[in-house]
Amino acid sequence: MKLGDFGTFVIFAAIYAAGTIGLPKISLLAYQVKIGEIPSAFVALFGFPAILGLTLGQFIANLGVEASPIAMLSPVFSFVGLLIIYRSRKFSTLAGCIAYIVITGFWLSVMLPIVKPEVSTSQAAISVFAGQFIAVIVGYLAYLVTARTLSKQGQSSAPQ
C-alpha cells in the first residue's frame, strides 16, 4: 500500500466503525442493519485500501459492540467477500455484492444464534440476509450513481 492510499484506508475504517458504533441501529427482526456495510460496493472504485479499511473498521466495531471471541472472526469473512467484490468489478460489481451478501450472511446466520442463544437459527438467517441485502444494495446503488458521475466528469474533461 502506497502512502497516498493511507487516506482512503483511514476513511473507510472510520466509516465502518463510526457507522456501526456511532449511528443509531436499525433493527430488523433479530439483526441490526449495520450502516457500516453500505460502502462495501465502493471497494470496486477504491480498491485494496478500502478493503483493508472496511475490514479494520469492522474489527474495531466488533470490539465495541460484540466483544465475543466468535464475533471477532467476522472481519475474516468480510475480507473474503470484499475481495470478491473487488475482483468481480471488471464483469459485475453487482455479482460481487451478491457474493458478499451470501458469504457474510451465511457467517452471521451461524454466529448470531451462538452469540444470542435466544435467537433461533431460522430467525437469524432471515433477519441477517435481509439486513445484509438492504445495506449492501443501498451501497451498490450509491456506487452506481458515483461511478456514473465520475465517468461523465471524465468524458466532459476529455479533449474533443
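Would it be correct to say that Ala50 is crowded, with 23+ Cβ neighbours inside 10 Å, in contact with a Gly (Cβ under 6 Å, 6 or more places away or on another chain) and either part of a helix (DSSP H, G or I) or basic (Lys, Arg) (or both)? The answer is no for Ala50. Residues in the range 100-129 that are open to solvent by 20 Å² or more (accessible area, probe 1.4 Å) and part of a loop (DSSP other than H, G, I, E, B): Lys116, Pro117, Glu118, Ser120. Would you confirm, using the coordinates I've provided, whether Ile134 is out of contact with any helix residue (DSSP H, G or I) (no Cβ under 7 Å at 6 or more places or on another chain), under 17 Å from Leu82 (Cα atoms) and in a helix (DSSP H, G or I)? Judged against the criteria, Ile134 is a match.
Inside the range 142-158, residues that are exposed (fewer than 12 other Cβ atoms within 10 Å of the Cβ), modelled with pLDDT of 80 or more and hydrophobic (A, V, I, L, M, F, W, C) make up a count of 2.
Every test in (1) open to solvent by 60 Å² or more (accessible area, probe 1.4 Å); (2) of a type outside the set (Phe, Trp, Tyr); (3) over 26 Å from Leu63 (Cα atoms) is passed by Val138 save one, and that test is (3).
One residue is enough: does the range 56-71 have a residue meeting the conditions within 15 Å of Tyr16 (Cβ to Cβ), out of contact with any strand residue (DSSP E or B) (no Cβ under 8 Å at 6 or more places or on another chain) and without any contact (Cβ under 8 Å) to a residue 12 or more places away in the chain? Scanning the range 56-71, I find at least one residue that is within 15 Å of Tyr16 (Cβ to Cβ), out of contact with any strand residue (DSSP E or B) (no Cβ under 8 Å at 6 or more places or on another chain) and without any contact (Cβ under 8 Å) to a residue 12 or more places away in the chain, so the answer is yes.
Residue-wise test of (1) among the aliphatic types (A, V, I, L, M); (2) in contact (Cβ under 8 Å) with a residue 40 or more places away in the chain.
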| site | (1), (2) |
| --- | --- |
| Lys116 | no, yes |
| Val128 | yes, yes |
| Phe133 | no, no |
| Val138 | yes, yes |
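The values are calculated or read from the model by the stated rules, or taken from the named source; none is laboratory data. A quick note: this is a predicted structure, and the numbers were derived from the prediction, not measured. So basically every Cβ, Gly included, is an ideal-geometry build from the backbone, and we count neighbours across all protein chains shown. With ligands, DNA and RNA removed, areas are computed over all heavy atoms of the protein, side chains included. Shrake-Rupley method; radii C 1.70, N 1.55, O 1.52, S 1.80 Å.
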